[in-house]
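The values are calculated or read from the model by the stated rules, or taken from the named source; none is laboratory data. Computed from a prediction, not measured in an experiment: that's the story for all the values here. Please note: Cβ atoms are built from the backbone with ideal geometry, for glycine as well, and neighbour counts cover all protein chains shown.
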Amino acid sequence: MQASSNNPIRLYVCASEELKLIGSTDGSFPDMGHHIEKEMNGMWLHPIKLLDGFWLRLEDHSAGGRVNSWIRADKFTNLPYGNLFNYDKGLGQTSINIEQFQFAPDGINGCVVIYKLFNRSAEQKDISCELLARTDLRPTWLSEKLEIYDGDNDNAIFCEADNLFLAKDSDNEWYAAVGCDTTPDNTKIGQFFASEITNGSGVSVSMTFSFSLDAWETKEIVFYFAGSYKSREECLLQYHALHNHEEHLETKRRRYEKIRRMSELSTSDSRFNEIYEWVKVNTDWLVLNVADIGRGVTAGLPEYPYWFGCDGCYTVLGLIATGRSDVAKQTLRILRQASERHNKNGRIIHEVIANGVVNHPGNTQETAQFIGTVWEYFQWTGDIDFVEECFPYIQKGIEWLSEMDSDNDGFPSGYGIMEVEGMDMELVDTAVYTAVAYDVFGKINALMKNHEAAKEYRLKAIKVKDAIMQFFWLPEKGLFADTVTTSEAVKKRILSMYNWGPEGEPYRAYLKSEINEKESNGQCKVESGWLLNASWVIATPMEMGIAPKEYAQIALENLHSERFLGPYGAYLSGLDKRPRAMTISSNVFAAAQARYGYADRALDILTRMFRAFGMATPGSISEMSPDYGCFAQGWTIYCATTIVKYFFGISPDVPNGKIYFSPCMPTAWDTAEIKNVAVGVGSLSVFFKRGSGVDTFKVENKTGLEIIIEDKGPIRVHVDGDN
């Protein structure tokens, strides 16, 4: 893996849906994070933290006092289901090597850490090992809004009968258990530290083991970590449930093998295939299951282990395409239920914390985006019950969007995806997703036999789409505007834009020239399209298929240029000279290109994005390319939409018993296959081979649905053996 200068501390996660253990790839647990300053590391059982971390000290008594230190790993290996650390040369002048393997069993509030000590010599070695764990029982971010506060300290006891420490927060029923199968020779509780002094008001517990290792002998020590935010009894129950760890590990391995086999990709580019499979794994690491709230995919680790409207919707689209419709549905349900509790008016929240606190009521586009995402879920699954469950709140959401459109031009106002200060205007992403939402609402009403409402909103969707082309299209730039507003409104917000927009005097000069041009054309108080930020959201008219082909062709060609693309994908802004890219900007650009048949451009963008693989954390792609921000980010899986829906052309309409098949393969792939794509209650596999003049596709259809082949030029399609 490639080293990173922007991210000197390389982080990992050991994850189950219940527990997230975040540490450094050298085996340490440095304080880090800004949502809760210096507290986003360690062992989290959301909505509480259990531990700052744990450390192992090795003393080789046969080395004459030269080997006695807290160990740091020489090598780290990420696995889908766990993490492996190797300690060798860093241990000093000893023949002892150590291997550490850890994993978090599914469905249990804890993790298992296994140390294996190897004597690589022909002589007996006398060894001492000390495991020190530092508790930090504390609540998650914004818990004070629920009047939940961290106690002054943690207290711990050692339970000899079970070889475990049990720690409790002084003021709350929060518990952490740390124990071992092997009886320790010494135990200690108090205020002492290992190689790192961590933040928080916890307590340290340690166990020391002394033993001899014969020549070439291996010794295994297994530690168990568990917790509860409910009771002592539950904590101990979870702790004891960990002990059948071999069976738990096999269960976890089988589950990840099942994830691998769903929407399994194979192309002539083995590196691309590998990264795609890892993205599916990374997304699973982000699934969080919290009692009384639900189970759904969060935004990113380590800073955003929470559920987001915008992030969640993009991630859900990728989940659907990779066979995870169960998680997709549950994520959408969490967003809707949190919105119902907090907003009540149809607006979809931006962010809900694992304690149920809503931090932000929602940007305007998130409500429209949610409605479109529910429909896409329905298209892939045919789950009419979920549509009916969501319908009352969707209806309120449509009304709320209309309320946000104060001048009745079809464009709701407010902040959009980019959240640039001062850009609380009529934005292109909001307009595009609103057009989709109106169209979807018309279709849902048709399902509900509300024929008048169905007609009204289908016509309204057409009207908004036409208005987008009239006001947002900038023919002189060959691009879509990012906002529709007046010169007067821009001047009121210009100081905010200076602070939050692209840096430097060139941007200020650009804004002034745009204002002067508009005013010279007599548009001081007349709304028109502006390219104020040139952010990646100007690709959304193509992402959603709203732009007519002739306009899309111009815009997509201009977007596929050095102005908007860098070595790691699509920049956040075409005006910003800082080379900042995110996986979501790249994914939206790729989906936009692929939707209009530009598969080679789409693959180029995804390949650029995949270059960042492993640069911050082995096995994942960072939120901010190439190597900073969250080391695992949910919306990275949106790449699956481009691959499954556009490259392989799988577009389900399960409610009407059809799958539309319209493939568009990149020329770089001479062969490709996608197997076990979940559609409805069955699955679909597609096998592609490039030929001389005619490309051949073989479709294995196990869905019971009709395959509708859409004309894409000279291709030969075999469906279950038939031409």
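Summary of values
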| read-out | value |
| --- | --- |
| Search result, residues across the stretch 288-300 that are of a type in the set (A, V, I, L, M, F, W, C) and either crowded, with 20+ Cβ neighbours inside 10 Å or in contact with a Leu (Cβ under 9 Å, 6 or more places away or on another chain) (or both) | Leu288, Val290, Val297, Ala299 |
| Residue check, Ser170 in contact (Cβ under 8 Å) with a residue 60 or more places away in the chain and assigned by TED's automatic domain parsing to the domain that holds Arg72 | no |
| Residue ID - nearest to the chain's Cα centre (by Cα), chosen from residues in the stretch 701-723 that are under 21 Å from Leu317 (Cβ atoms) and surrounded by 12 or more Cβ atoms within 10 Å (Cβ to Cβ) | Thr703 |
| Filter pass, Asp627 being modelled with pLDDT of 95 or more, more than 18 Å from Ala591 (Cα to Cα) and not small (Gly, Ala, Ser) | no |
| Where Thr182 falls short, out of the listed (1) loosely packed, with under 13 Cβ neighbours inside 10 Å; (2) touching a residue at least 40 places away in the same chain (Cβ under 8 Å); (3) not charged (D, E, K, R) | (1) |
| Of all residues making up the stretch 401-449, the number that are farther than 16 Å from Gln470 by Cβ, over 25 Å from the mean Cα position of the chain (by Cα) and of a type outside the set (Gly, Ala, Ser) | 17 |
| Of residues in the stretch 466-494 being free of Cβ contacts under 8 Å to residues at least 40 places away in the same chain and over 30 Å from Gly545 (Cβ atoms), the one surrounded by the most Cβ atoms within 10 Å (Cβ to Cβ) | Ser487 |
| Those residues of the stretch 628-642 which are assigned to a loop (DSSP other than H, G, I, E, B) and surrounded by fewer than 23 Cβ atoms within 10 Å (Cβ to Cβ), in sequence order | Gly629 |
| Test set (1) modelled with pLDDT of 95 or more; (2) at negative phi - Glu710 fails condition number | (1) |
| Residues that are part of a helix (DSSP H, G or I) and over 28 Å from Pro502 (Cβ atoms), drawn from the stretch 393-434 | Tyr393, Ile394, Gln395, Lys396, Gly397, Ile398, Glu399, Trp400, Leu401, Ser402, Glu403 |
| Segments classed as strands (runs of 3 or more DSSP E), wholly inside the stretch 56-113, with at least 3 members that are in contact with a Leu (Cβ under 7 Å, 6 or more places away or on another chain) | 96-103 |
| Out of Lys645, Lys698, sole residue that is basic (Lys, Arg), crowded, with 16+ Cβ neighbours inside 10 Å and over 30 Å from the mean Cα position of the chain (by Cα) | Lys698 |
| Failed condition for Ile674, given (1) more than 13 Å from Ser263 (Cβ to Cβ); (2) in contact (Cβ under 8 Å) with a residue 60 or more places away in the chain; (3) β-branched (Val, Ile, Thr) | (1) |
| Members of the stretch 123-173 that are touching a helix residue (DSSP H, G or I) at 6+ places or on another chain (Cβ under 9 Å) and β-branched (Val, Ile, Thr) | Ile127 |
| Output for the stretch 75-89, where each listed residue is of a type in the set (S, T, N, Q) and touching a residue at least 60 places away in the same chain (Cβ under 8 Å) | Thr77, Asn78, Asn83 |
| Residue match in the stretch 525-536 (condition: of a type in the set (Val, Ile, Thr) and at pLDDT 90 or above) | no |
| Residue list for the stretch 203-262, filter: basic (Lys, Arg) and more than 30 Å from Thr322 (Cα to Cα) | Lys219, Lys230, Arg232 |
| Criterion (closer than 30 Å to Phe648 by Cα, in contact with a Pro (Cβ under 9 Å, 6 or more places away or on another chain) and surrounded by 15 or more Cβ atoms within 10 Å (Cβ to Cβ)) met by exactly one of Trp278, Trp174 | Trp278 |
